[in-house]
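Remarks on the structure that follows.
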Amino acid sequence: MSTLNIPQASKISFIQAELSAFWAMVRKELIVMLRYPVNFVASFVQTFLIVAVFTLGGSLFYKNYASQAGDAGNSGIAVYGLILFLFMSDTLWTIGYNIRNEQVQGTLEQLYLSPASKFANLVSRVTNTLIWTGLLSITGGILMTLMIGELPFKNPLLGLYLLAMVLSGTFGVGFAFAALTLVIKEASQTLANFMQFAFMVLCANFFPFRSLPPFLLFFSRLIPLSYGVDAFRSAMMGFPEGMPELAPFSVELIIVTVFGILMPIVGYYLYRWSEKEARRRGNLSNY
Amino acid sequence: MNLRIGISVMLASFRMRLTTISRYRGQLVMDIFIPIVFAYMPILLGRSAGTYAASNFASNTGTENYVGYMLIGSSVFSIVSNAFWHVAYWLRWEQESGTLEILYLAPTHRVWVVAGTALYSCVRGLFSSIAAYLIGSLVMGLNPFQGEFLLALLFILVGLLPLYSLSLLYGAIILKVKEANALVSMMQWGVSFLMGVFFPIAVFPPLLKLVALLFPPTWMTNGVRSALLGVGYFFNAWYLDLAVLWAFILVVPFFGYWVFSRTEISIRKNEGVGQF
């Protein structure tokens, strides 16, 4: 009896320890976040400014922006694109680049000396992104709707499923970026900037894919996230004529689902590999 | 400390930062790439706006050349953004890596070290934004030397001193609130908004327009656009707009330095500059 119970008990205590470590890390991230209240305010203001810069820039191409852009379906395209862009951008910086902050502050090596779960450490960063960026997305969406015009809101459940899959895949990209950060160090800041802008263009967050020249559209089709953006906004806008633009919806749905399931696994695998390499070479804390 | 030693410290700081960045060539390539991509966003918005996009744009801005308009906006923004980013982030970096307090113990006045950082930022920003404008123009099929290219360059050069003085003001905020990342990101979008990176400031309500006009980069951007694309100077003559930038030179550096010194003294009296 006792020989049967011991492994089970240790399994339960292992899960408890993992959960406890995860919760402690989430709390620590939340506390750090709350210690910098200006960051809160600045993020909200920044969202407003992004919306304003692109809305005012876009308005110059119309005589009456609110009515003409709304008719063209631009409000839905831009608002739903903005939501995914905010998550994508925050994931790169919060999950990926945060590893670098730990390196610079000298706490990364200490984290690895502790018996705490490395997985919990990485995933705890996701929680904050979900809470914080979720709030920002809602604010940005409302602001953009006020500035551009009425927002189409169809198929909310399908939209929610697609959003969940896209976010899951995006977090996987964040894990992979964290892995890359350990390898390329200072250059990761440049790369995060580059990726942010490259995704903004190639995933056509603020405009329809048909605006892209053919050679860029070719690269867009190679990125699963583009299908996520296209499928998500097509579903939320009730599949207006000409949407989705990249592939039939059923194909996009499969791509997004596979991306959402596989990318976190691949990203985490890459992170563990990169971390082991850094530890083997003894340069985990080098920056 | 005499002037010769001060300049020598400034050049040493400049050289040190140039040496550091020369180790990260990818970053230099990105400096050129990002303004082009940034300009590409509204250009694509224009392309999706239909047949009358160019004519509507002309009625709103004074030129049909929206590609050039956006590219100039993002290239000037790149200089402005670099100025704020490099100075503010340098301060934050020194804080985080624990070397800011050591700088205060050195027998060199900080202003020379900051000047070295500003000089480095200036060279890097000018090089990358001019390269971005030239490469972007070639890629998008524009003539980069249309209009008065040298006059455009003059607007940039005259605007640099008030711009870097403003970055000192921003550095003071970073020292005070100690939260560089979000502030720098917000500032980048705030600056682009105020200077009219993709639109004329005429679209602003009167109060906001006044604030934008008190911001030197707004005059730089409009000066360059007017010189190259003929969108129209604020005072209808290039020398009057340029005179406003000269007026900024007389006021902003002293104001920036005064605010920075006051902030510095207050922080040193309290928690000390090393705390973040």
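Computed from the coordinates by the stated procedures, all read-outs in this text should not be read as laboratory data. It should be emphasised that the depicted structure is a prediction, and the values quoted were computed from it without experimental measurement. Positions of Cβ are generated from backbone atoms using ideal geometry, with glycine treated the same way; all protein chains shown enter the neighbour counts.
What FRET efficiency, computed as 1/(1 + (r/R0)^6) with R0 = 35 Å and r the Cβ-Cβ distance, is obtained for A:ILE31 and B:SER8, rounded to the nearest 0.05?
Numbers: r = 45 Å, r/R0 = 1.30.
Efficiency at R0 = 35 Å is approximately 0.15.
Per residue of peptide A:36-49, the mean number of Cβ atoms on other chains within 10 Å of the residue Cβ is 6. Computed over neighbours whose Cβ is under 14 Å from that of A:PRO264, the net charge equals +2, Lys and Arg +1, Asp and Glu -1.
Averaged across the residues of A:195-206, what count of C-beta atoms belonging to other chains lies within 10 Å of each residue's C-beta? Mind showing how you got there, number by number?
Details: counts 0, 2, 9, 3, 0, 4, 5, 1, 0, 2, 1, 5.
Counting other chains' Cβ atoms within 10 Å and averaging over A:195-206 gives 3.
For region A:99-230, the spread of Cα coordinates along the three principal axes comes to 52, 33, 25 Å, biggest extent given first.
In this rough spin-label picture, where each label sits 7 Å from Cα along the Cβ direction, the B:VAL251-B:PHE149 distance is 3.5 nm.
Could you tell me how many degrees, from 0 to 90 and to the nearest 10, lie between the Cα long axis of helix B:149-177 and the main elongation axis, the longest principal axis, of the Cα atoms of chain B? For helix B:149-177, the angle is close to 40 degrees. Cross-link reach is defined here as a Cα-Cα straight distance under 25 Å, omitting same-chain residues fewer than 8 places apart; for B:LYS176 the lysines meeting it are A:LYS28, B:LYS269.
Hull surface divided by four, with the convex hull built on the Cα atoms of region A:18-281: how many nm²? Working shown, then result.
Working: hull surface 58.4 nm².
The orientation-averaged projected area of the Cα hull of region A:18-281 comes to 14.6 nm².
Please sort B:158-169, B:84-95 by packing, taking for each peptide the average over its residues of neighbouring beta carbons within 10 angstrom, highest first. Intermediate results must be reported in sequence, preceding the final value.
Numbers: B:158-169: 23.3, B:84-95: 20.9.
The packing order, highest mean first, is B:158-169, B:84-95.
Modelled spin-label separation between A:SER20 and A:GLU150, with each label point placed 7 Å from Cα along the Cα-to-Cβ direction: 5.6 nm.
A simple rule links phi to the HN-Hα coupling: the Karplus curve 6.51 cos²θ - 1.76 cosθ + 1.60 with θ = phi - 60°, which for region A:104-114 gives 5, 7, x, 9, 5, 5, 5, 4, 7, 7, 7 Hz, with x for Gly and Pro. Here the dipole of region A:18-281 is about 620 debye; that uses its Cα centre as origin and unit charges on the Cβ of Lys and Arg (positive) and Asp and Glu (negative).
With a cut-off of 17 Å on the backbone N, the residues of region B:67-104 near the modelled label site 7 Å out from B:VAL203 along Cα-Cβ are B:67-75, B:77.
Would you calculate, for chain A, the mean residue ellipticity at 222 nm contributed by helices, counting each DSSP H stretch of 4 or more residues as -39,500 (n - 2.57) and dividing by all residues, to the nearest 500? Don't skip to the end; give the middle numbers.
Values: 12 runs with 226 residues, N = 287.
Per the formula, -27000 deg cm²/dmol.
Going Cα to Cα from A:LYS118, which aspartates and glutamates come in below 16 Å? Please leave out same-chain ones fewer than 8 positions away. Partners within reach: A:GLU18, A:GLU29, A:GLU102, A:GLU109, A:GLU275, A:GLU277. Radius of gyration (Cα atoms) of the protein assembly as shown, expressed as a multiple of 2.2 N^0.38 Å: 1.02.
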